[in-house]
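To start, the structure under review is shown below, and the notes come after it.
Here, each number is a calculation from the coordinates, and none is a lab measurement. Bear in mind that the values here come from a model prediction, so they are computed numbers and not experimental data. No Cβ is skipped: glycine too gets one built from the backbone with ideal geometry, and neighbour counts run over all protein chains shown.
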Amino acid sequence: MSYKKRLDGRKFDELRSIEAKVGVVKNATGSAYFKIGNTMAYAAVYGPRDLFPRFLKDPKRGLLRCNYNMMPFSGMGERVRPGPSRRSKEISMVTEGALLPVVNLENFPNSVVDVYIELPQTDAGSRCAGICAASMALADAGIAMKDLVGAVSVGLVDGQIVLDLNYDEEAYDKGDVADIPMAYIPNMDKFSLLQMDGKVKPEDLIKALELAKKGALEILKVQRNALKHRFEVVKNE
Amino acid sequence: MEKSELKVNEKDIVVPGEVLAQGMSYLPSEGTYRKGEDILASRLGLVRIDGKVVKIIPLSGKYLPKKMDVIIGRVTDINFSGWNVETNSAYPAMLSMKDATDDFIRRGADLTRYFDVGDYIVTKIYNVTSQNLIDLTMKGPGLRKIDGGRIVFVSPTKVPRIIGKQGSMVSMIKKATNCNIIVGQNGIVWIKGTNPEDEIDTVDTITKIEQESHMSGLTEAIKKFLESKGRTVVVEEQMQGGNDEL
């Protein structure tokens with residue numbers, strides 16, 4: 001337990017600064033921008049639209065198709081190879097899993113809702129930022145959803161539970177680090193994403209998730225405001 | 001049972017998951033769902049409370065085909081029994097020969113005589129299947145092939161504002177700009193005037209309505225906008241105070 005002070009001076013249960021905006025991509029059906037600390041995510045939603053390839057069509061419900069992509073210049077100086085990789089494919093899959101419990105695509109059989117998540121700059125927590133942006137973008141696209149999804153990472157840095165790790169903390173080398181990205185659906189009180197990198201004791205995991213819930217609720221507040229703000233801007237002119 | 005209570009006001013902007021009302025004496029309608037005893041929003045939009053019924057008027061989203069809607073579509077293909085039409089939704093539409101015309105068409109006749117690929121048509125949805133396949137008809141007043149003019153795409157959720165109460169908004173623009181306008185429920189608008197200037201002013205006006213559609217006092221704002229373009233606007237009797245038809 002030698003991690004007494006966070007590397008960037010935050011409190012242990014403090015999020016990085018958040019910015020959220022809706023309606024940033026004009027051509028998309030719905031879009032959103034989400035920034036947490038130095039991690040930026042754009043999400044653009046297209047559809048419901050006709051689905052290709054056709055064998056993926058489901059006559060019972062629409063399909064949600066997510067695509068996560070880090071831009072070449074988004075990393076820490078080294079070029080990130082964009083496009084599908086083992087990592088980005090996995091993250092696309094878990095993003096889909098995180099959003100699927102809330103979206104209701106039963107009214108759109110045989111169609112697809114495409115979600116493209118692009119990250120121009122990353123500093124850890126990119127899949128969470130992507131999920132936050134995507135959930136706002138889906139709401140902006142007018143898709144029926146049970147709730148919004150808030151996502152954030154928690155972790156253990158040298159035995160200390162911390163909220164919203166940045167890259168320096170994730171790469172902390174003077175002790176063990178566990179990084180737990182998670183997504184939370186407040187209405188159902190359920191986690192729709194839970195992954196982990198590192199080791200954690202069961203009792204610490206419970207504590208960490210309680211903290212993550214609090215963080216996610218704060219993020220959700222920002223998301224809701226951003227969505228309402230989109231239309232209120234014009235309303236109050 | 002506990003007391004029922006509304007948590008939001010009429011015309012509030014709500015986001016998915018927001019609690020709109022508590023208790024069983026309110027009823028969930030479009031854009032909402034019930035969870036336990038609460039009514040929650042399932043879409044981003046404006047709250048509308050109609051007696052005990054709570055619903056949401058969406059502010060965004062793609063067109064979902066509905067029976068009896070008059071839409072504007074583009075012919076994408078011709079097959080044995082009719083035409084395939086693109087409808088600005090996720091689903092393709094089919095216009096069969098018997099619904100297109102009363103003419104007797106002989107087997108193997110050239111169907112491009114009626115509608116060619118790329119033509120825009122004003123048409124009516126007469127059936128939507130459970131899989132959202134669309135059947136179209138050309139039988140009805142004003143349903144025809146479009147000739148000339150220009151096509152504008154708007155958000156389908158803004159169409160009611162463009163049309164206005166009993167067509168008041170669109171008829172005001174028509175009179176002010178001397179343009180012929182047809183607004184399809186699917187968000188495709190056709191505009192034809194005698195000269196390009198009229199058409200451009202009309203396009204600008206419709207874009208403005210689209211941007212400011214959820215504001216109150218829209219008719220007044222559009223009237224001013226048209227007057228700033230040097231158009232004379234005649235306000236009809238039925239339009240008085242009719243700027244909040246949401």
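Taking the Cα centre of the protein assembly as shown as origin, sum charge times position over the Cβ atoms of Lys and Arg (+1) and Asp and Glu (-1), and report the length of that vector in debye to the nearest 20.
580 debye
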Using only Cα atoms, tell me the angle between helix B:218-228 and the longest principal axis of chain B; keep it within 0 to 90° and round to the nearest 10. 50 degrees
Placing each pseudo-label 7 Å from Cα in the direction of the beta carbon, residue A:210 and residue B:208 end up separated by a distance in nanometres of 5.8 nm
Loop sites in the range B:1-42: GluC sites (Glu not before Pro), DSSP, at most 14 other Cβ within 10 Å: B:2, B:10, B:37
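Please report the net charge: other residues with Cβ closer than 10 Å to the Cβ of residue A:183, K and R +1, D and E -1. Mind dumping the intermediate values first?
On the way: positive: A:127, A:190; negative: none.
Neighbour charge sum, excluding residue A:183 itself: +2.
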Could you tell me which residue out of B:148, B:40, B:117 lies farthest along the dipole of chain B toward its positive end? Charges go on the beta carbon: Lys and Arg +1, Asp and Glu -1, centred on the Cα centre. B:117
Compute the label zone of residue A:197 within the range A:119-136: residues whose backbone N is under 18 Å from the point 7 Å along Cα-to-Cβ. A:119-132
For chain B, find the longest principal axis of its Cα atoms and tell me its angle to the long axis of helix B:168-177, 0 to 90°, nearest 10. 50 degrees
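Which helices count as membrane-span-like in chain A under these terms: full DSSP H, at least 15 Å along the axis by C-alpha, Kyte-Doolittle mean of 0.5 or more? Don't skip to the answer; put the middle values down first.
Details: long enough: A:86-99 (20 Å, -0.46); A:126-140 (21 Å, 0.95); A:202-235 (49 Å, -0.23).
Taking the DSSP H segments of chain A (at least 15 Å long, mean hydropathy at least 0.5), we get A:126-140.
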To the nearest 10 degrees, the tilt of helix B:196-212 (Cα long axis) against the first principal axis of the alpha carbons of chain B is 20 degrees
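First check a/c for chain B, with a ≥ b ≥ c the square roots of the eigenvalues of its C-alpha gyration tensor; if it is under 1.5, answer rounded, and if not, answer prolate when a/b is larger than b/c or oblate otherwise.
Numbers: a/c = 2.81, a/b = 1.33, b/c = 2.12.
Oblate shape, in that a/c is at least 1.5 and b/c is the bigger or equal ratio.
Within the range B:56-119, which chymotrypsin sites (Phe, Trp or Tyr not before Pro) sit in a loop by DSSP and count at most 11 neighbouring Cβ atoms inside 10 Å?
Details: sites: B:63, B:80, B:83, B:104, B:114, B:115; in loops: B:80, B:104, B:114, B:115.
Counting only loop positions with at most 11 other Cβ atoms within 10 Å, the chymotrypsin sites (Phe, Trp or Tyr not before Pro) in the range B:56-119 are B:80, B:104.
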In whole angstrom, the spacing between the Cα centers of the range B:4-79 and the range A:184-235 equals 25 Å
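Pick out, in residue order, every one of the trypsin sites (Lys or Arg not before Pro) in the range A:12-78 that is DSSP loop and has at most 10 other C-beta atoms within 10 Å; say none if there are none.
Details: sites: A:16, A:21, A:26, A:35, A:49, A:54, A:57, A:60, A:61, A:65; in loops: A:16, A:26, A:57, A:60, A:61.
Hits after loop and neighbour filter: A:26, A:60.
Taking the Cα centre as origin and putting +1 on Lys and Arg beta-carbons and -1 on Asp and Glu beta-carbons, what dipole magnitude results for the range B:24-87, to the nearest 20 debye? Walk me through the numbers on the way to the answer.
Working: 10 positive and 7 negative charges, 29 e Å.
In debye, rounded to 20, the range B:24-87 gives about 140.
Once you sort the root eigenvalues of the Cα gyration tensor of the range B:150-239 as a ≥ b ≥ c, which label holds: rounded (a/c under 1.5), prolate (a/b larger than b/c) or oblate (the other case)?
Working: a/c = 1.42, a/b = 1.01, b/c = 1.40.
Rounded is the answer for the range B:150-239, as its axis ratio a/c remains below 1.5.
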When the helices in chain B are scored as -39500 (n - 2.57) per DSSP H run of 4 or longer and the sum is shared across all residues, what 222 nm value do you end up with, to the nearest 500 deg cm²/dmol? -5500 deg cm²/dmol
Report the calculated FRET efficiency for residue B:76 and residue B:133 (r = Cβ-Cβ distance, R0 = 22 Å), to the nearest 0.05. 0.90
Highest-MSF residue in chain B out of B:195, B:178, B:132 [GNM, Cα springs under 10 Å]: B:195
Once label points are set 7 Å from the Cα along Cα→Cβ at both residue B:104 and residue B:197, what is their separation, rounded to one decimal in nm? 5.2 nm
With label points set 7 Å from each Cα along the Cα-to-Cβ direction at residue A:189 and residue A:174, the distance between them in nm comes to 4.0 nm
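Treating the beta-carbon of each Lys and Arg as +1 and of each Asp and Glu as -1, no other charges, what is the dipole magnitude of the range B:150-239 about its Cα centre, to the nearest 20 debye? Present the calculation step by step, with values, prior to reporting the outcome.
On the way: 12 positive and 11 negative charges, 28 e Å.
That gives the range B:150-239 a dipole magnitude of about 140 debye.
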Given springs between every Cα pair under 10 Å in a Gaussian network model of chain A, which of A:175, A:23, A:155 has the largest fluctuation? A:175
Answer with one residue from A:124, A:135, A:15: the one whose Cα lies farthest towards the positive end of the charge dipole of the range A:3-144, charges on Cβ with Lys, Arg +1 and Asp, Glu -1. A:124
